[in-house]
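One structure is given below, encoded as structure tokens.
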Amino acid sequence: MMGPGQAQNKLGRGVNDALTRRDTKQLKAVIRDETSQIRQFINDWDPFPGSPVDEYDCLVDGVVSALHSGASVSSLAELICSEFAEHFGVPVAPEDAFALSMRIMTWWSSSASRSPHAS
């Protein structure tokens, strides 16, 4: 089973390298797990207390994508601030977004390094 960050390695294959059905299933499972974990981080942070569980889903895919693209903690915090300002029309404190980004990046780094498939 691939761990967080491994989907990028598979997705970065050349155009002529077809993914097998097994690879595709593994990628979907990894991305589903990553998405679930990121959703949990954001829901735990909950800048709008009492919000529905799917309130921040607009942000989740962008964060997962940014992680796979090699985002830094700062760029992740900028993404979070930008999404809240644009989507919700409400600014979030940059230091709060940075703290969330640090938690996410710490999980991402430690999960990827524990994976038997990490490169």
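Can you tell me what percent of all Cα-Cα pairs in the stretch 70-115 are more than 15 Å apart?
In whole percent, the long-distance tail amounts to 44.
Pull out a ≥ b ≥ c, the square roots of the eigenvalues of the alpha-carbon gyration tensor of the stretch 6-114, then state rounded if a/c is under 1.5, prolate if not and a/b is larger than b/c, and oblate in the remaining case.
prolate
Arrange Thr35, Thr24 by Cβ neighbour counts within 10 Å, fewest through most, would you?
Least crowded to most crowded, the residues run Thr24, Thr35.
Starting with the fewest neighbours, write out Cys58, Cys81 ranked by other beta-carbon atoms found within 10 Å of each beta-carbon.
Cys58, Cys81
Bear in mind these aren't lab numbers, they're just calculated from the coordinates by the rules spelled out. Not measured: the values here are computed from a predicted model. Cβ coordinates were reconstructed from backbone atoms using ideal geometry, including for glycine residues, and neighbour counts include every protein chain displayed.
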